[in-house]
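The next block holds one structure in the form of structure tokens; read it before the comments.
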Amino acid sequence: MVSQRSEPLHRSPKLRPLNRILVNILLDGMLAAIAAPLARWLAAPQDGLLHPLWFLAGGAITLVVSGLPFRMPQQYWRFSGVSDLIGIAGASVASALLFSVGLRLGHHNLPSPTFPIIYALVLLVMLGGLRVCYRLAYRRALRKADQRRVVLIGVDAVADLYLRSIERNPEDGIRVVGLIALGTHQAGRRIHNVPILGHIEDVSDILDRLERAHTLPESLVVTEPTFRGQALTKVLDAAAAHGITVLRTPALTTLTPAERVELRPVPLEDLLNRPQVPLDREGMERMIGGRTVLVTGAGGSIGSELVRQIAHLGPARLILLDHGEFELWQIDTELAEQAPHVPRVALVADIRDENRIERIMAAYKPALVFHAAALKHVPIVEANPAEGLLTNVHGTRVVADAAARHGAQAMVVISTDKAVNPSSLMGAAKRAAEMYCQALDIQARASGNAQAMRCITVRFGNVLGSTGSVVPLFRRQLERGGPVTITHPDMRRYFMTVSEAVGLVLQASVRGTHGAGLSDTDTLLRGGGIFVLDMGDPIKIVDLARQMIRLAGLRPEEDVAIRFTGMRPGEKLYEELFHGREAPVPTDNPGLLMAKPRVVDLQEVSHAVDQIAAFARQGNVEAALRILTLLVPEFTHNPEGNPSAAAAQAVVAEGAPPLHTGSTEQVVQ
């Protein structure tokens, strides 16, 4: 009984399209019945408008029959467009011809030789006009009084598609009142009757003009996906000056004319003036495919992104190694969902534990090791110096030596710009790790043994959104309503997206293991050269904070306060990617540079690392730092976070003085 009563309910949705088709047939037939005598009167006015019912029925029947091949009954009047109009035109012509032939076969004379043409035109006007009127009436009925006024940035295919979507979805309450062109010689023209107000370079003047005319929009909407960097920053500044927001449309591939438009906030990554760098995907697949790959620090920001990208390059097995259980569980669970086909092993291990690392390398014998594990936060390492030295220096050597003993083809070491002219313990420890890996790589390449492990070092700056970086901190502070805290108004940093940084790390790995194909680069590789990612221009942290506040729809200093808290221990005002004696050398990849090597003998640096580790285990930090300073003579410690000392360090580094007396480093010419 229940199923019998519910059956009509299940059938009703299927009947709705049929009901709409019948309504379309009925309305089109009525229009054709009216059009037939009207066309006859236009062709022969002396005959009047009164005609027998068969004449009206003939007009209706011939149109319904003629409209079937053109799918007129299935047309959705609310979305009528050019293709529907073409179908109506075809059906009108066919109906006029069929009706005229029917009149002749019924031995009725045509009112005039032009009757078929007149009848087709009358049908076209009446059928098309009714659909246009219905569409306009529907849009007007849904139009909201409080429509949001927006100006589009971009006069291109995406802007056209967006305007079409607005027309099809008036319930979204968005009204486009103008366009701002990215190209020249477009001002004054119109697209879909929307005026082009001017060029993007004049965005401030355009907004001033709209404000004087009391037509200022609520939002600027960027439609061009490649519009980013300094140009986008200029737009954000102009919008902030007028108290309006900046949004983005979805990507072209996710936006179709029939879909609802969803405006999105401008992502922070778009503010980086970074062109897309082509990557050697085939080279990466050759390097990774079919091999066992081990990633240390797999749960961290860089390590987890390395794991994600490596998983899509076809490794035979992926070893995830991390000291943190929760972080390791997170990335392992993500891989289980995103790349279940990749065999993987999740291992909890401390890279400083020589026995544990030795057993892991012996058991899995990875062909490639990506070493991302490190203590990276400057104030934390300053507060825990022995732990920082043991992890960043001793731990790196433990992983490198164990990997080399068990047949690894290459080890890729993730370094940092803080290793250049370091003022912090973390930076100096990372420089010492660089030196050990450089010396290890020089020995391997000089031995002539093709099986010896290559040790490749890649250096870069901050990544947006990484654990402990300023971006997540600012976001948390904004969620609480502020204030946003910054250590110093002159603080500058290099920034890059984590996916881009990891892609270039893999690119550098290909160059380091298979050669760059350029004699200069290969010479530097043999001399222990370091790959340095092209980070673009440094960004002032205070500017980054202001832009994040604006992207949140708030006003800096008015809605959210900005407070300066003072430099932290070990911090520098700005970081560098190259030491004064590390001349940057371009490679065949636009996103990669190489630092001219400054290296030491492997035995000397190994002995220094032994001493640093021994003193750190004993808790004798002062002695460990003395050895570290001898190993890294440019290390000028700033434990108090003194701005004047940081500024002096920057001036010294900028002047590129000779290294301190007693340094064991040599510059490869």
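A few points about this structure:
- Helices (runs of 4 or more DSSP H) fully within segment 564-664 that include at least 2 residues being at pLDDT 65 or above: 602-618, 621-631.
- Those residues of segment 343-357 which are in contact with a Lys or Arg (Cβ under 8 Å, 6 or more places away or on another chain) and not small (Gly, Ala, Ser), in sequence order: Pro343, Arg344, Val345, Asp350
- Test: residue in segment 544-561 that is farther than 30 Å from Val307 by Cβ, of a type in the set (Lys, Arg), crowded, with 19+ Cβ neighbours inside 10 Å and modelled with pLDDT of 80 or more: yes
- Figure legend. Inter-residue proximity from segment 445-469: first residues part of a loop (DSSP other than H, G, I, E, B), second residues among the acidic types (Asp, Glu) and modelled with pLDDT of 75 or more, beta-carbon distance below 6 Å, spacing 6+ or different chains. Indicated pairs: Gly461/Asp417.
- Scanning segment 187-229 for residues that are among the polar types (S, T, N, Q), surrounded by fewer than 16 Cβ atoms within 10 Å (Cβ to Cβ) and closer than 15 Å to Gly154 by Cα gives a single hit, Thr226.
- Of the numbered criteria (1) on the phi < 0 side of the Ramachandran plot; (2) in contact (Cβ under 8 Å) with a residue 60 or more places away in the chain, the one Asn421 fails is (1).
- Positions within segment 355-384 being modelled with pLDDT of 95 or more, in a helix (DSSP H, G or I) and buried (at least 19 other Cβ atoms within 10 Å of the Cβ), in sequence order: Ile357, Ile360, Met361
- Long-range neighbours under 9 Å by Cβ, at least six apart or interchain, first residue assigned by TED's automatic domain parsing to the domain that holds Ala386 within segment 621-637, second of a type in the set (A, V, I, L, M) and assigned to a loop (DSSP other than H, G, I, E, B): Leu631/Val600; Pro633/Leu659; Glu634/Val420; Glu634/Leu659
Yes/no matrix, rows are residues, columns are (1) under 17 Å from Ala231 (Cβ atoms); (2) of a type in the set (Gly, Ala, Ser); (3) in the same structural domain as Thr233 (by TED's automatic domain parsing); (4) outside any strand (DSSP E or B):
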| residue | (1), (2), (3), (4) |
| --- | --- |
| Ala159 | yes, yes, yes, yes |
| Arg164 | no, no, yes, yes |
| Arg175 | no, no, yes, no |
| Leu179 | yes, no, yes, no |
| Gly183 | yes, yes, yes, yes |
| Ala187 | no, yes, yes, yes |
| Val203 | yes, no, yes, yes |
| Asp208 | no, no, yes, yes |
| Pro217 | no, no, yes, yes |
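- Out of Pro73, Pro45, Pro52, one residue alone is at pLDDT 75 or above and exposed (fewer than 13 other Cβ atoms within 10 Å of the Cβ). It is Pro45.
The values are calculated or read from the model by the stated rules, or taken from the named source; none is laboratory data. Note that this is a predicted model, so its numbers are computed, not measured. Here Cβ is always computed from backbone atoms with ideal geometry, including for glycine, and neighbour counts include all displayed protein chains.
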